[in-house]
1. Return the sequence-ordered ³J(HN,Hα) values of the stretch 167-174 in whole Hz as given by the Karplus equation 6.51 cos²θ - 1.76 cosθ + 1.60 applied to θ = phi - 60°, using x for Gly and Pro.
2. Over the stretch 5-102, consider all pairs of different Cα atoms and compute the Kirkwood hydrodynamic radius from their mean reciprocal separation; express it in Å, one decimal.
3. Where does each of E5, E73 land when they are ranked from fewest to most other beta-carbon atoms within 10 angstrom?
4. Assuming R0 = 22 Å, what is the FRET efficiency of S28 and V76, from their Cβ-Cβ distance, to the nearest 0.05?
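What follows draws every value from the coordinates through simple rules; no lab data is involved. Worth saying up front: this structure is predicted, and the values here are computed from it rather than measured. Using ideal geometry, Cβ is built from the backbone for each residue, glycine included, and neighbour counts are taken over all protein chains shown.
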Amino acid sequence: MSVTESTIQRYTLSDPDVRTMLEVRNGSATAFEELMLRYQDRVVNLLTHLVGNRDQAEDLAQDVFLRVYRARERYVPGAKFSTWLFTITNNVASNARRSLARRREVNLQPQTSGSMAMMSLEEMAKEASGLMPARQLDRSEMREIVKAAIGQLNERQRMAVLLSKFEDMSYADIAEIMELSPQAIKSLLSRARGNLREILEPYLTRGQRPADSNGDSESDD
């Protein structure tokens, strides 16, 4: 799909990361290193959630940035840089998951790293459940429970939740990354919240832990 000159100008003017990527396109190695510094941790954290293994996520992040570098001469700013980058990240994660599934070595239990990500998980649990727990929850235990709950979401729901909650992306940006309509993303997130509510309610009310699951259902429900 071609990108209009007005779109190119809009994103060039509004997004400093787009301007940095244009410097990469023009041959600046320093600009590429700057983008890696800005985004490497975010890409690794997202991939960790998606593939369930920190070491693998770090390897896949290298693939993501290698793809960015190889595509530099063809780069056209048709979206925010983060949207373009996370589209590549989503593709790399999907390819890795398919490859692992073919080898029957899939390990998709999501992991988190960093206190900010942990706090986001706790806030997500409160929002999804709509409940006040009857007992004081141990913080580390709650983190593990929410990780398990996210692990029971299917791949598309999980990706939408992570981009919405951790990257604070709009429906439109998530839709572009996942190649869906904004309305479809809104519905996907609504179903994800409903699923999280169902998974977390027994734990928050009765202390019943959710069953282990890799969340890799083919269904979009």
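1. Per residue, the Karplus-derived 3J(HN,Hα) values read 9, 6, 8, 6, 4, 5, 5, 5 Hz.
2. Result for the stretch 5-102, one decimal place: 13.9 Å.
3. Ordered by Cβ neighbours within 10 Å, fewest first: E5, E73.
4. Result of the calculation: an efficiency of 0.80.
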